[in-house]
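The values are calculated or read from the model by the stated rules, or taken from the named source; none is laboratory data. Everything numeric in this text was worked out from a predicted model, so none of it was measured. So basically every Cβ, Gly included, is an ideal-geometry build from the backbone, and we count neighbours across all protein chains shown. In case anyone asks, the SASA skips ligands and DNA or RNA and just uses the protein heavy atoms, side chains included. Shrake-Rupley method; radii C 1.70, N 1.55, O 1.52, S 1.80 Å.
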Amino acid sequence: SQQGEEDPQALSIQEGENATMNCSYKTSINNLQWYRQNSGRGLVHLILIRSNEREKHSGRLRVTLDTSKKSSSLLITASRAADTASYFCARQTGANSKLTFGKGITLSVRP
Amino acid sequence: IAGITQAPTSQILAAGRRMTLRCTQDMRHNAMYWYRQDLGLGLRLIHYSNTAGTTGKGEVPDGYSVSRANTDDFPLTLASAVPSQTSVYFCASRGQDTGELFFGEGSRLTVL
């Protein structure tokens, strides 16, 4: 079974606003990754944060990781309509172990 | 363009039929994966291969088989399809250095 949860399940915001999505997990991780999926397409990797890192940035994306709380957040700043997609967090427990995906968060950005 | 190629894009087949979903990558990645994606359930791992010649079972392997004869190809076979195997199937490979997964565009399978 999949470990952890993402919340909210769905998020609707206005263009220009920030979007915050959360991911929690239950066991220790080697790294945590965030992916994006546009409707009808495959998943695309956004960002990876290792267990010894607390924050990473990539363009308008900011990811934080709190290993004591076993949680991560993905922040998209100044959202655009094109950010409308499903976002998934995925946990890797060991360097060569498999990724476990959450159920995803549906983000809608209204123009 | 380097990446993962899946075929077919979509397929409708009758229950009981045999079906093979094809997956090819040109990035020389060692590890490859098959996931199924169902509404409300997210992505679930079916089978994986850490390197050519080896395979392993994921979370939902029953009714599926895989082979990894070489680095590039990782086909997924449904020996006798059932309606519960209606899903979107994604093949992925993992970058050696980065650990990130590269996904194909998916194969939408409907079993009637």
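Some observations on this one:
- When the range B:5-37 is limited to residues that are open to solvent by 70 Å² or more (accessible area, probe 1.4 Å) and of a type in the set (K, R), the one that is farthest from B:P61 (Cα to Cα) turns out to be B:R28.
- Taking residues in the range B:92-112 that are more than 7 Å from chain A (Cβ to nearest Cβ) and charged (D, E, K, R), and partners anywhere that are open to solvent by 40 Å² or more (accessible area, probe 1.4 Å) and not in a loop (DSSP other than H, G, I, E, B), the pairs with Cβ atoms closer than 7 Å and at least 6 places apart or on different chains are B:R108/B:S10.
Listed here are the residues, each with its yes/no results for (1) assigned to a loop (DSSP other than H, G, I, E, B); (2) more than 10 Å from chain B (Cβ to nearest Cβ); (3) of a type outside the set (A, V, I, L, M).
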| residue | (1), (2), (3) |
| --- | --- |
| A:E6 | no, no, yes |
| A:L11 | no, yes, no |
| A:G16 | yes, yes, yes |
| A:I29 | yes, yes, no |
| A:V44 | no, no, no |
| A:K56 | no, yes, yes |
| A:L65 | no, yes, no |
| A:L75 | no, yes, no |
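- The C-beta contact set for the range B:2-31 (first residue free of Cβ contacts under 8 Å to residues at least 60 places away in the same chain, second residue of a type outside the set (A, V, I, L, M) and assigned to a strand (DSSP E or B), distance under 7 angstrom, 6+ apart or interchain) comprises B:T20/B:T77; B:R22/B:Q6; B:T24/B:T5; B:T24/B:D73.
- B:A81 fulfils the conditions (1) of a type in the set (G, A, S); (2) within 14 Å of chain A (Cβ to nearest Cβ); (3) touching a residue at least 60 places away in the same chain (Cβ under 8 Å); (4) in contact with a Lys or Arg (Cβ under 8 Å, 6 or more places away or on another chain) except for a single criterion, (2).
- Residues that are more than 10 Å from chain A (Cβ to nearest Cβ), within 13 Å of the chain's Cα centre (by Cα) and without any contact (Cβ under 8 Å) to a residue 60 or more places away in the chain within the range B:32-57 comprise B:W34, B:R36, B:I46, B:H47, B:S49, B:T55, B:K57, listed in sequence order.
- Apart from one condition, B:T54 fits all of (1) within 14 Å of A:K98 (Cβ to Cβ); (2) open to solvent by 40 Å² or more (accessible area, probe 1.4 Å); (3) touching a strand residue (DSSP E or B) at 6+ places or on another chain (Cβ under 8 Å); the exception is (3).
- Of all residues in the range B:61-112, those that are among the aliphatic types (A, V, I, L, M) and either open to solvent by 40 Å² or more (accessible area, probe 1.4 Å) or in a loop (DSSP other than H, G, I, E, B) (or both) total 5.
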